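Enquirer: Dropping the structure in here first, questions after.
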């Protein structure tokens, strides 16, 4: 006998997809072609679907779910984020879709995928979908606050995307209070990698790394700003990578050897660390220094902080706090620092594009304060609403996982 | 003693490659640089070689052959298709090669790879090469009919590429009459995936998904048309993906679980379904609706139609009928529908670029009829010439596989 | 007790990274935005990190090291090469970084990765890093000789990158004199592929193939030159691929079957073979012929030459002599041949861009001789300095591997 509840487990998602259909029919149309040549769209697309997807395949028996939920969540969130993001900018009750609008929706989906990384293997499909829908709406609201109220500069989304996504995830995780369990006798330990899955995870990691300069420069408004964002991101990633390898070999349990977790993740911290200041005139040397700092911060986070957090009941499967959270805060603080030294001599005609409010008379000091305020607001808001979302997600209606169902494709897939 | 027949098994291909060499020396030269900045070329290239190649690695012991034959067939077909496609457009007996011409050859190679998907693991190397050479010539002829005689609009090739490739493949398969065989006792069942091969297949699937907007917009002629094709394809893919997951969990044998075959394939049906109308003014809402329909159609095809076809002796290893065939027809019918409502008010100066014949006075009704005529012609022609090609491919000269040689890399490769 | 020597094994690299930081702070700034739209940067990036990285994952127990060292070496070399390459072009003691400068650094890192291919599984981390730092400085010097002294044309780097990298690697390998050892009883033979690792290696191989046209055209200076380089490379790759399959099936031990080593590598020889002449007016037919020659040369090298070299104590794990070395020489010789027939009638206004010295009065004959001189100098220099570097790399300070540590991730990684 077929279990009707199981059979229609995802029926509420069907309802949501139909709501999206109706909203698009009523509120959207094609925008003008000025943004048709926006840069970085395809590259960001690769990061979202291949990059995040494969990075999360490292668990030995959760590859299908990692790739599948990554894809499902992103495909849903892109449709939903496009509406949420443009809700505040409608003219005549109409959203005009351009390629740039699609790019912004892609970028927003990263927020949800970062949160997914914290919960990888710990949440059910319905839980993840509920969390994603709520987070998208709240993440877009936070982004609106950053852009329209604090008027900050954050081209790579280190504050609005990475920090928000990571702390929303940790908020949810804190609410779920998923204690780490030791596998019972005779059971396979599933919360670790196999040789093959660690290799496939590198597909994701390296593609994220390759296209990060495109991600951090996608929303730039001139060739000069674009090129600067690419150079800074590229140098920061390169130095973070070298640093992550070195620090990994130093702090590792087996002295002199590398830890694949560090290599897969902390190499990328250079991209997050430089994100909020990628289009600033920070100088190439500073970009290298920023990357080195991000590499140290991230590896040490994985080695020392994550185990400590697990002990107090906050699980973070992919260690998003070390890749997105702390490097995001680090980048936000760097943006405070560098904003304080902005001069129109340095930025020339680019000033009003990069720091909109300074074009209207805001001083560098105020800009720096606003960067700080936005960072603080983002952290507090993400943790708070993440926690509340997590509390709600524990309701039986979202079919939370039993301990024995964790990190296991078996519950989501018909396996070969 | 070395078997001379085996040793020179691919000698006829060498002869064909030398013929290609001579034809290029005699008939080709470099074209002007106007098309040097054509969009979508690199992205389409990834779809052809990584996308199709890895999508077909899902069988547990056919990864080498899937990747190898995909590569060999595409590399040969690209050279051959370039000549076939431009044969009708020669000036002074010379083909002028541009980057756009390369893109068109890449696109045509998809036709052959779709057919390969139907026959995956069922045909020998010589059979596949023979089929590819014949199909390329006939596919280019059909495309010429669509473009120059029916003068239809089919920017994403849903009619000329997807429908043709799928039904040519089913035509061949019908002729080969390869009954499904149950493995004998003690033998491994090879016509299914393993955990690892299903994961590598996702590399192909996701890259196809990511670059499909580039595929459907590559041959657009203005920024506005390009952007519209990207938006429509992107939205259709996103909604098809969400829908495919939902429907998969409903129709699956194990209620509430996803089937990897559906996820790898039906997620992409949104790209095929919107292909023929991707550059039309269909509205973003309609694009989402089209994707939802394609997702339902494709998953149900995999679940109910493919098993039924197998029973009557038509094998389709990758289920190309569900990913390319039926969604191609669906897209063709949508193009009939939307063509009937074309007005110059809506399309403005884009009208003569998108609907060439309407720029010369054809009415919307006639355009709609021509779209229908091209679709019907494509299906009938593909099935008929595919069937005949299949009959010829059964000759011993093409070394058809024995039943025990199916789905097995062993016969094509020196394995580790 | 922690072994301090092991713990700080990579401390010298930290010192080098800090030196890089200081050099960047002192000598670099952002360049003008004219080169912000340079083509091929992202594609080349994929080749370096995904292409080379995954191509080298074919060994059954060296995937982590292949991917890890590839990433570490490239991330370090990119930073270092950028300085070395621009040292000769500084204005006011300042290097102005543009996106084109980043692209050139990426291209240079290929040299080191080719050398890594020869030594794959045979050298320790410290050895590889030492070799990379030396090779980058010497490779940049050789490139400077080619460009500023011999003033040759070599758009795809077949002489300056591929030939140099391959023979530097063989020079190092000759110095290391690593005799092939038969595994002792009870030990696993590690210097070969597994079914899975051969499949992941195809990710690298196919991405290299896909983006090779972008690599060979990245430094072109006009749309026409760019398009010609793309067409020639694409056709050469396609014909080399078909030819490699055919020749593989003929020369293989098991008649009529393909050898995965040939398919992964010799398919790419078409890109190297056409590299030095990719932007020449060679005609599309000649491009196809060049590719066919490269395919034959490369497969025969793998089948007959590599085993012979191993017997005299020169190991070449990836067979870089067959993929980069001999096809590089072949391309260099082709550039001598085609240069002898250059006329201003054919090249028109492109002449001074492609052959700088001919714009200043050099004849075609002298250009041809200079191409030959540069090729010869590159081979001799690479072998000589490679050999010396190899001798130094044998010092105990660089922790050379014991025979039992070869091809084994265990010594570099904490494995699952």
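Enquirer: Over the stretch A:332-373, what is the relative contact order in percent, taking alpha-carbon pairs closer than 8 angstrom and at least six residues apart?
Expert: Taking the mean separation of contacting Cα pairs over the length of the stretch A:332-373, I get 56 percent.
Enquirer: Just need log10 I(q)/I(0) for the protein assembly as shown at q = 0.07, 0.09, 0.10 Å⁻¹, Debye formula, equal scatterers on the alpha-carbon atoms, no solvent, rounded to two decimals.
Expert: Scattering profile of the protein assembly as shown, log10 relative to I(0): -0.65, -1.14, -1.47.
Enquirer: Still on this structure: Between residue C:148 and residue B:333, what is the spin-label point distance in nm, taking each point 7 Å from the Cα along the Cα→C-beta axis?
Expert: My value for the distance between the label points is 6.9 nm.
Enquirer: Let me ask you something else. Averaged across the residues of B:395-402, what count of C-beta atoms belonging to other chains lies within 10 Å of each residue's C-beta?
Expert: 0
Enquirer: Could you compute the FRET efficiency for residue A:26 and residue B:365, with r as their C-beta to C-beta distance and R0 at 30 Å, rounded to 0.05?
Expert: Taking R0 as 30 Å, the efficiency between residue A:26 and residue B:365 is 0.55.
Enquirer: Continuing with this model, one more query. Could you please state, rounded to a whole Å, how far the C-alpha centre of the stretch C:14-59 is from the C-alpha centre of the stretch C:248-265?
Expert: Comparing the Cα centres of the stretch C:14-59 and the stretch C:248-265, I get a distance of 35 Å.
Enquirer: How would the stretch A:245-388 be classified by its alpha-carbon gyration tensor: rounded, prolate or oblate, with rounded meaning a/c under 1.5 and the a/b versus b/c comparison settling the rest?
Expert: In terms of gyration-tensor shape, oblate.
Enquirer: GNM on chain A, C-alpha springs below 10 Å: top fluctuator among A:275, A:348, A:332?
Expert: Its mean-square fluctuation being the largest, the pick is A:348.
Enquirer: What shape does the stretch B:62-212 have by the C-alpha gyration tensor, where a ≥ b ≥ c are the square roots of the eigenvalues, rounded means a/c under 1.5, and otherwise prolate means a/b greater than b/c and oblate the rest?
Expert: prolate
Enquirer: Of the beta bridges DSSP finds with both residues in the protein assembly as shown, what % are antiparallel, to the nearest 5?
Expert: Just about 35 percent of them are antiparallel.
Enquirer: Then there is this: List residues of the stretch C:77-100, by number, whose backbone nitrogen lies under 15 Å from a label position 7 Å along Cα→C-beta of residue C:137.
Expert: C:77, C:80-88
Enquirer: Using Cβ contacts closer than 10 Å as the measure, can you line up B:214, A:236 from fewest to most?
Expert: If I rank by nearby Cβ atoms, fewest first, I get B:214, A:236.
Enquirer: A follow-up question, please. Would you order C:34, C:259, A:345, A:198 from fewest to most other beta-carbon atoms within 10 Å of each residue's own beta-carbon?
Expert: Arranged by neighbour count, lowest to highest, C:34, C:259, A:345, A:198 become A:345, C:34, C:259, A:198.
Enquirer: Rounded, prolate or oblate: which fits the stretch B:1-84, taking a ≥ b ≥ c as square roots of the Cα gyration tensor eigenvalues, rounded meaning a/c under 1.5, else prolate when a/b beats b/c?
Expert: Numbers: a/c = 4.66, a/b = 1.22, b/c = 3.80.
Oblate shape, in that a/c is at least 1.5 and b/c is the bigger or equal ratio.
Enquirer: Summing -39500 (n - 2.57) over the DSSP H runs of n ≥ 4 in chain C and dividing by its residue number, what mean residue ellipticity at 222 nm do you reach, to the nearest 500 deg cm²/dmol? Walk me through the numbers before you get to the answer.
Expert: Numbers: 19 runs with 251 residues, N = 416.
So the helix-based figure for chain C works out to -19000 deg cm²/dmol.
Enquirer: What is the mean number of Cβ atoms from other protein chains located within 10 Å of the Cβ atom of each residue in peptide A:282-289, rounded to a whole number?
Expert: Per residue, the average neighbour count from other chains is 6.
Enquirer: Also, quick follow-up: How would you rank A:14, C:47, A:260, going from fewest to most other Cβ atoms within 10 Å of each one's own Cβ?
Expert: Ascending number of Cβ neighbours within 10 Å: A:14, A:260, C:47.
Enquirer: Please list the radius of gyration and Dmax for chain A, considering alpha-carbon atoms only, with Å as the unit.
Expert: 20.9, 75
Enquirer: Compute log10 of I(q)/I(0) for the stretch A:129-267 with the Debye formula, placing one identical point scatterer on every Cα and leaving out solvent, at q = 0.15 Å⁻¹, to two decimals.
Expert: -1.07
Enquirer: Just how far, in whole angstrom, is the stretch C:102-133 from the stretch A:84-154 if you go by their alpha carbon centroids?
Expert: Taking the Cα centre of the stretch C:102-133 as reference, the centre of the stretch A:84-154 is 41 Å away.
Enquirer: When chain A is treated as a GNM, springs tying every alpha-carbon pair under 10 Å, which of A:82, A:381, A:21 comes out with the largest mean-square fluctuation?
Expert: Greatest mean-square fluctuation among the candidates belongs to A:21.
Enquirer: Follow-up. What whole number of Å gives the distance from the Cα centroid of the stretch A:205-223 to the Cα centroid of the stretch A:271-311?
Expert: 17 Å
Enquirer: At residue B:403 and residue B:222, where each label point lies 7 Å from the Cα along Cα→Cβ, what is the point-to-point distance in nanometres?
Expert: 6.0 nm
Enquirer: Do you know the relative contact order of chain A, to the nearest whole percent, from alpha carbon pairs under 8 angstrom that are 6+ apart? If you can, show how the numbers build up before the last one.
Expert: Working: 750 pairs, mean separation 99.5, N = 416.
That works out to 24 percent.
Enquirer: While we're looking at this one, here's another question. Computed FRET efficiency, Cβ-Cβ of residue C:343 and residue C:37, R0 35 Å: what is it to the nearest 0.05?
Expert: E between residue C:343 and residue C:37, to the nearest 0.05, is 0.65.
The numbers here are math on the coordinates, done by the rules we state, and not lab data. Keep in mind the model is a prediction, meaning the values are calculated, not measured. Because the Cβ atoms are built from the backbone with ideal geometry, glycine has one as well, and the counts that use them run over all protein chains shown.
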